[in-house]
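*Asks:* Below: one structure in structure tokens.
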Amino acid sequence: MGVVKFRAFYLMYLIPALLLYCIFFILPFVQTVIYSLYNWDGINTPVFLGLKNYWEMFHDKVFYASTGRVLKWALIQGIVQTIIALLLANLLKGKLKGSKFFRSVYFIPVVMSSAAICLMFTVMYDNDIGLLNALLRAIGLGGWARVWLGDAQVAFYAAIAVPIWQGIGLYMVILLSGLQSVSEEIYESAKMDGANAWQQLTRITIPMIWNIIQICIILTVSGTFKNFDYVYILTAGGPGSSTHVLATYMYDKAFVGLRYGYGTAVAVIIFLLGLAFTVIFRALTKSRD
């Protein structure tokens, strides 16, 4: 009886958080799923369509192309951002001179707004006055200069380079906190056994903080599924539809085309993709854990 009262007492403290979770997450998600079954322009009375929005979506080439791009983005960002953040954290974990200064410098882009970062890179990518093309011409690679955000072949990669660069500092700090929890005695023992820097990284550092690395990968990849501002500010999905990802595709259908039912159907797919990745990734890494 006492145990039941004890559990009920602590359950009372969970109810407010549970209510907020239901109000701000569960209820909006249920409404999104319901709206995805309707044809609605935001003004007139919604017309029930059933699964027709999904049927149309799965027959749209732009949807498949957008899905492919966001999966490619997730793969590139998950690998590149995590590796660079891990290497920087590994370099700055010790008593390197000026390490505190560099930690601050690498973290500065994280606290800047994505709009400011995108505008900065828009100027940097400019064909005439941009720093990137000027640098290429200065070192004799003027043939590589191009309109980076106007070329359908490279615009997508130019756009995703921006969030990769901006987010490195955040994951560097997360990984650095994990590295600082690893005892220096382990590294000293490895050095006495003749282990070089690469062996220490692959045989000690990565296994010891593997759980933190997993968290970084999940946060990085799941974030790419909902990223909207970078692509929209830099290219607005263009040229043509060559840089559309699911978030910009959803915005284009819902707010430009005034097809809110179709847009919410895309939102449901974005949620399911993020959920599927998290479940599959955890299942694949469970055995290693």
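The values are calculated or read from the model by the stated rules, or taken from the named source; none is laboratory data. Given the structure is predicted, the values throughout are model-derived calculations rather than measurements. All Cβ positions, even for glycine, are placed from backbone atoms using ideal geometry, and neighbour counts span all protein chains on display.
Conditions tested, residue by residue: (1) under 16 Å from the mean Cα position of the chain (by Cα); (2) surrounded by 16 or more Cβ atoms within 10 Å (Cβ to Cβ); (3) within 29 Å of ILE213 (Cα to Cα).
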position: TYR251; (1), (2), (3): no, yes, no
position: PHE255; (1), (2), (3): no, no, no
position: VAL266; (1), (2), (3): no, yes, no
position: LEU275; (1), (2), (3): yes, no, yes
position: ILE280; (1), (2), (3): no, no, yes
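*Asks:* Shifting gears a bit: Going through region 125-169 one residue at a time, which ones are among the β-branched types (Val, Ile, Thr) and under 21 Å from ILE76 (Cα atoms)?
*Replies:* Answer for region 125-169, where residues must be among the β-branched types (Val, Ile, Thr) and under 21 Å from ILE76 (Cα atoms): VAL154, ILE160, VAL162, ILE164, ILE168.
*Asks:* Another question, if that's okay. Looking at region 140-151, which of its residues are exposed (fewer than 13 other Cβ atoms within 10 Å of the Cβ) and within 13 Å of HIS244 (Cα to Cα)?
*Replies:* Scanning region 140-151 gives no hits.
*Asks:* Starting from region 189-209, keep only residues that are at positive phi, then list their pairs with residues that are aromatic (Phe, Trp, Tyr) and surrounded by 15 or more Cβ atoms within 10 Å (Cβ to Cβ) whose Cβ atoms are within a distance under 8 Å, requiring at least 6 positions of separation or different chains.
*Replies:* From residues that are at positive phi, there are no pairs.
*Asks:* Give the number of residues within region 118-139 that are surrounded by fewer than 16 Cβ atoms within 10 Å (Cβ to Cβ) and assigned to a helix (DSSP H, G or I). Steps first, please.
*Replies:* Quick first cut of region 118-139, residues surrounded by fewer than 16 Cβ atoms within 10 Å (Cβ to Cβ) only: 119-120, 123, 127-129, 131, 134-135, 137-139.
In the following step, the residues that additionally are assigned to a helix (DSSP H, G or I) were identified as 119-120, 123, 131, 134-135, 137-138.
Residues that pass the stated criteria total 8.
*Asks:* Please verify whether region 46-60 includes one or more residues that are touching a Gly at 6+ places or on another chain (Cβ under 9 Å) and surrounded by fewer than 15 Cβ atoms within 10 Å (Cβ to Cβ).
*Replies:* The answer is yes; a qualifying residue exists.
*Asks:* Identify all residues within region 57-86 that are touching a helix residue (DSSP H, G or I) at 6+ places or on another chain (Cβ under 7 Å) and charged (D, E, K, R); write none if there are none.
*Replies:* Once the filter is applied, which keeps residues that are touching a helix residue (DSSP H, G or I) at 6+ places or on another chain (Cβ under 7 Å) and charged (D, E, K, R), region 57-86 yields only ARG69.
*Asks:* So, one more: Mind telling me which of the residues ALA134, ALA155, ALA115, ALA159 ends up being over 29 Å from the mean Cα position of the chain (by Cα) and among the aliphatic types (A, V, I, L, M)?
*Replies:* It is ALA134.
*Asks:* Scan region 230-243 residue by residue and report those that are modelled with pLDDT under 90 and either buried (at least 20 other Cβ atoms within 10 Å of the Cβ) or not hydroxyl-bearing (Ser, Thr, Tyr) (or both).
*Replies:* ALA236, GLY237, GLY238, PRO239, GLY240
*Asks:* Looking only at helices (runs of 4 or more DSSP H) that fall completely inside region 225-286, which ones have 3 or more residues that are more than 15 Å from PHE156 (Cβ to Cβ)?
*Replies:* Once the helices (runs of 4 or more DSSP H) in region 225-286 are filtered for at least 3 residues that are more than 15 Å from PHE156 (Cβ to Cβ), what remains is 260-286.
*Asks:* What residue, of GLY142, GLY194, GLY150, GLY178, is within 28 Å of GLY237 (Cβ to Cβ) and out of contact with any Cys (no Cβ under 6 Å at 6 or more places or on another chain)?
*Replies:* Going through GLY142, GLY194, GLY150, GLY178 in turn, just one is within 28 Å of GLY237 (Cβ to Cβ) and out of contact with any Cys (no Cβ under 6 Å at 6 or more places or on another chain): GLY150.
*Asks:* Let me ask something else about it. Only residues that are modelled with pLDDT of 85 or more and among the small types (Gly, Ala, Ser): list them for region 88-139, please.
*Replies:* Within region 88-139, ALA89, SER104, SER113, SER114, ALA115, ALA116, GLY130, ALA134, ALA138 meet the criteria.
*Asks:* For region 205-227: of the residues being surrounded by 18 or more Cβ atoms within 10 Å (Cβ to Cβ) and either over 30 Å from ALA247 (Cα atoms) or in contact with a strand residue (DSSP E or B) (Cβ under 8 Å, 6 or more places away or on another chain) (or both), which is modelled with the lowest pLDDT?
*Replies:* Per the criteria, the residue is THR205.
*Asks:* Also, I was wondering about something else. Does region 181-204 contain any residue that is under 26 Å from the mean Cα position of the chain (by Cα), crowded, with 16+ Cβ neighbours inside 10 Å and outside any loop (DSSP other than H, G, I, E, B)?
*Replies:* No, the conditions are met nowhere in region 181-204.
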